[in-house]
1. (1) modelled with pLDDT under 95; (2) within 30 Å of ILE36 (Cα to Cα); (3) touching a helix residue (DSSP H, G or I) at 6+ places or on another chain (Cβ under 8 Å): which one isn't true of GLY141, the others all being true?
2. Is there a residue being surrounded by fewer than 19 Cβ atoms within 10 Å (Cβ to Cβ) and out of contact with any Ser or Thr (no Cβ under 9 Å at 6 or more places or on another chain) anywhere in region 49-56?
3. State the number of residues belonging to region 154-164 that are out of contact with any strand residue (DSSP E or B) (no Cβ under 7 Å at 6 or more places or on another chain) and of a type in the set (A, V, I, L, M, F, W, C).
4. Find all pairs meeting these conditions: Cβ atoms under 6 angstrom apart; at least six residues apart or on different chains; first residue within region 76-101 and on the phi < 0 side of the Ramachandran plot; second residue part of a loop (DSSP other than H, G, I, E, B) and open to solvent by 70 Å² or more (accessible area, probe 1.4 Å).
5. Can you tell me which residues in region 159-203 are β-branched (Val, Ile, Thr) and touching a helix residue (DSSP H, G or I) at 6+ places or on another chain (Cβ under 7 Å)?
6. Which one of these is surrounded by fewer than 13 Cβ atoms within 10 Å (Cβ to Cβ), closer than 19 Å to SER90 by Cα and at pLDDT below 90: ASP161, ASP195?
7. Only residues that are farther than 13 Å from ALA20 by Cβ and touching a Gly at 6+ places or on another chain (Cβ under 6 Å): list them for region 47-82, please.
8. If a residue must be outside any helix (DSSP H, G or I) and either more than 17 Å from GLY188 (Cα to Cα) or free of Cβ contacts under 8 Å to residues at least 40 places away in the same chain (or both), how many such residues does region 29-50 contain?
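The values are calculated or read from the model by the stated rules, or taken from the named source; none is laboratory data. Fair warning: this is a prediction, and the values are worked out from it, not measured in the lab. Please note: Cβ atoms are built from the backbone with ideal geometry, for glycine as well, and neighbour counts cover all protein chains shown. Note: areas computed on protein heavy atoms with side chains; ligands, DNA, RNA excluded. Shrake-Rupley method; radii C 1.70, N 1.55, O 1.52, S 1.80 Å.
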Amino acid sequence: MKGLDVFKEGANMITGIIMASGFSKRMKRDKLTLNIGKELVIEKVIKAVKASKLDEIILVYHKEEIRDIGIRYGLKTIFNSSPERGQSQSMKLGIEASSLDTEAFMFFVGDQPLLDSKTIDKIIDVFKESNKEIIVPLYNGKRGTPTLFSSKLRDRLLEIDGDSGGRKVIMDMPDKVEYISIENYRVGLDMDTWDEYQQLIEMEMKNNG
């Protein structure tokens, strides 16, 4: 069954961690609560994640409004009291809150509103069929998110600092990485500026038009 509100214990469990505690500095407003169509940006991400094969979903937040949205969708929510430490802090909090049974951590950003469950499931399937410990999607040949890391790398992930997220781990362990090309590059687009936000609105309108 997809999109379980309560995680399933046991082997082959995959945990999704939505990192939603950034400051939106370049946007100069909270981008996660902007609208794409009739839904908020963060809601679209949550819905895609819930519709996927993930067994456990954790939302790392800083603002109460984001927490309340996560609770409404039945997610486990974790407060990030130190978002200034960068993306790595959200990753660590999500890892530490994950079930001990999890086989892998899949990291999501909260501002990727065109992401779909099909892409998420493809990454999960590749991991389960591969002998690699890191799965990275490519959109038009460029690395993107969500990225998946085997729980074997848990200690290494907990060592990272700053806003580089898992990029340093990926760069340091090229032999453990499998890259997969995602045909629909639009699902990999995030938004840091108002212009990028407007472009995503236009794409969403075309998709639904």
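1. (3)
2. no
3. 2
4. GLN87/ASP163; SER88/ASP161; SER99/PHE7; ASP101/GLU9
5. Correct list: ILE160, VAL169, VAL177, ILE180, ILE182, VAL187.
6. Working: ASP195 fails: closer than 19 Å to SER90 by Cα.
After ruling out the rest, the residue left standing is ASP161.
7. LYS50, ALA51, LEU54
8. Residues meeting the conditions: 8.
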